[in-house]
Amino acid sequence: MSFPHKFKYIFKVSEKTKISDIFQIFIIIILLVFIIFLSIPFGIIISSNFNHDCSPCGYLECRAGFKKALAAINQSVSLEKELNNKVSYENANDFGLILTKRLNLIEIYNVKNVDIKESDKIRTMNKKDIKKYNLSEYEGKPILVQADGITYMISKFEQGCKNVDLNNPDNCSCLIDADLNGFNNKPNDKTGFTPKRNKNDRYTFVIDGNSNQILPLKIYHNYME
């Protein structure tokens, strides 16, 4: 038998198995289409869950960062109260000094009288950087960069920090924002004061001088669950 003649038999489908083979192929195609069809909505669900509220990190990561930032500044205030029997709410600089003593910082901006041990972390910022990183709201106020990248920025400070309104931050005496991925990483946008799904990386906390606590706005309470 010649080679060309033999070659055609390699791809020849047996008459006995032709129908069953075609049926199996047909079933496989249907299963593949079904799997692809199911995976599309599942992928959309995964995407929506992991892009809620923050563009630099997934939803679960943002929630973890949110809790971590809130716990860190609350712990700083608690330690100050425990060790010195008081917490100073005289001005933004005094409160900034409290945080410089308690947080693991790598950069310190706009804080005077920093302990000599932390002086090598003091930095300055020019007008160009303030505009570039969307920091005009915090100009001249303490900006503290933690080793993990989370940045704390005091946006408003009135002596005593007595007024607290978790529904409306405009009515609060003292506010501090946490930028979860650092001020030098985009988007550098703050969460709006309405429960919208905006992409952002900055969250606002209320400094409560009455109870010596740092409190989240009510629109963030889903992050605490």
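The values are calculated or read from the model by the stated rules, or taken from the named source; none is laboratory data. Every value quoted in this text rests on a predicted model; they were computed, and no experiment measured them. Cβ atoms come from the backbone with ideal geometry, glycine included; neighbour counts cover every protein chain shown. With ligands, DNA and RNA removed, areas are computed over all heavy atoms of the protein, side chains included. Shrake-Rupley method; radii C 1.70, N 1.55, O 1.52, S 1.80 Å.
Over 23 Å apart at the Cα level, from the set LYS81/LYS218; LYS131/LYS156; LYS101/LYS218; LYS141/LYS190; LYS67/LYS186; LYS101/LYS141, are LYS81/LYS218; LYS101/LYS218. The simple spin-label model puts a point 7 Å past each Cα toward its Cβ; for ASP115 and ASP129 those points are separated by 2.4 nm. With a ≥ b ≥ c taken as the square roots of the eigenvalues of the C-alpha gyration tensor of region 56-172, please select rounded if a/c is under 1.5 and otherwise prolate if a/b is larger than b/c or oblate if it is not? Rounded, since a/c falls under 1.5.
Please work out whether region 75-115 counts as rounded, prolate or oblate from its C-alpha gyration tensor, where a ≥ b ≥ c are the square roots of the eigenvalues and a/c under 1.5 means rounded, while otherwise a/b larger than b/c means prolate and anything else oblate? The shape class here is oblate.
Per-residue accessible area (protein heavy atoms, 1.4 Å probe) orders LYS127, LYS186, LYS68 as LYS186, LYS127, LYS68, starting from the largest.
Length gain on complete extension for the stretch ASN104 to ASN184, per 0.36 nm per residue less the alpha carbon to alpha carbon distance?
This chain segment gains 27.0 nm when fully extended.
Modelled spin-label separation between ASN171 and PHE26, with each label point placed 7 Å from Cα along the Cα-to-Cβ direction: 7.0 nm. What residues of region 149-164 lie in the reach of a label at ASN210, counting those whose backbone N is under 14 Å from a point 7 Å from the Cα along Cα→Cβ? Answer for this model: 160-164. Which of rounded, prolate, oblate describes region 104-205, given a ≥ b ≥ c as roots of the alpha-carbon gyration tensor eigenvalues and a/c under 1.5 marking rounded, otherwise prolate only if a/b is larger than b/c? Oblate shape, in that a/c is at least 1.5 and b/c is the bigger or equal ratio. Taking every C-alpha pair closer than 8 Å and separated by at least 6 residues, the mean separation divided by the residue count of region 56-185 gives a relative contact order of 23 percent.
Computed with a 1.4 Å probe over protein heavy atoms only, the accessible area of VAL111 comes to about 20 Å². Computed over protein heavy atoms with a 1.4 angstrom probe, the accessible surface ordering of GLU80, GLU107, largest first, is GLU107, GLU80.
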